[in-house]
Structures are given as structure tokens and as C-alpha cells.
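Input: a single structure, listed below in C-alpha cells.
The values are calculated or read from the model by the stated rules, or taken from the named source; none is laboratory data. Keep in mind that what you see is a predicted model, and the values were worked out from it rather than measured. Don't worry about glycine lacking a Cβ; one is built from the backbone with ideal geometry, like all the others, and counts go over all protein chains shown.
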Amino acid sequence: QVQLVESGGGLVRPGGSLRLSCVASGFTFSSAAMSWYRQAPGKERELVAAFISGAGSTKYADSVKGRFTISRDNAKNTVYLQMNSLKPDDTAVYYCNAEWWSVVAAEIRSDWGQGTQVTVSS
């Protein structure tokens with residue numbers, strides 16, 4: 001059974017930092033494409049940061065470039081999102097996503113975590 005468990009969200013003042021973690025299980029983490037998305041109230045879910053290839057290349061939303069960093073530890077089956085210089089516009093529920101090849105189903109699977117709330121407010 002696939003599980004993605006996010007943690008690390010909370011309330012932070014503008015300019016502050018948080019580090020989100022997502023612990024994965026149920027699939028081969030090292031070969032999965034891992035991403036972070038977010039969804040603010042009344043808005044669509046949007047991509048924040050992602051690993052886009054097995055070589056570790058990354059991409060970021062323009063709104064977070066230079067402030068957020070995605071990283072992973074394959075030994076711990078964990079992907080991180082370091083968020084610095086946080087702004088009120090970063091307030092959202094943050095979700096971890098995994099895309100991975102299912103040998104059993106012979107297809108690419110996409111799974112989501114339950115989300116973690118990040119609130120940036122003074």
C-alpha cells in the first residue's frame with residue numbers, strides 16, 4: 001500500500017522559514033519522480049517544485065524560485081521542501097506527489113499525501 005506522509009507545516013511570520021518532509025512507502029522511492037504542490041483557498045492546485053529526471057534535475061514555480069529548495073534522501077525514502085523568505089501568498093496546503101512505475105499494473109501511478117497546512121501571517 002502506497003503512503004505519503006507530509007509533516008513540517010505550521011504558522012510562521014513573513015520572512016521566516018519552514019522545512020516540509022514527505023516520507024514515502026509502498027513503491028521504489030529512488031526511481032520515483034517526486035514533487036511538491038500547493039493549494040490555496042479558492043485556487044487550483046499548483047506545482048511548487050519537482051524532480052524532473054532521474055539525474056536529479058529540478059524545476060520550480062516562478063513565484064518560489066530562489067526561496068524554496070526541493071531535496072531528497074533516498075536512504076530515508078523522504079523528499080523535503082525547504083522554504084525560506086516566506087510570504088503571506090505562500091499560505092496554502094502543501095501536498096507531496098509521487099509518480100512511479102507499477103510493475104503489477106504496468107502503468108505509471110500517481111499518488112498524493114494528505115497535505116500539510118502552511119500559514120504565513122504576522
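Things worth noting here:
- Entry remark, the stretch 84-100: residues being outside any loop (DSSP other than H, G, I, E, B) and at pLDDT 95 or above number 10 in total.
- In the stretch 30-46, residue surrounded by the most Cβ atoms within 10 Å (Cβ to Cβ) [restricted to those that are outside any loop (DSSP other than H, G, I, E, B), touching a residue at least 24 places away in the same chain (Cβ under 8 Å) and within 14 Å of the chain's Cα centre (by Cα)]: 36
- Selection count, the stretch 9-29, where residues are crowded, with 16+ Cβ neighbours inside 10 Å and under 24 Å from residue 57 (Cα atoms): 8
- Among the residues of the stretch 100-116, the ones that are more than 12 Å from the chain's Cα centre (by Cα) and surrounded by fewer than 16 Cβ atoms within 10 Å (Cβ to Cβ) come to 10 in all.
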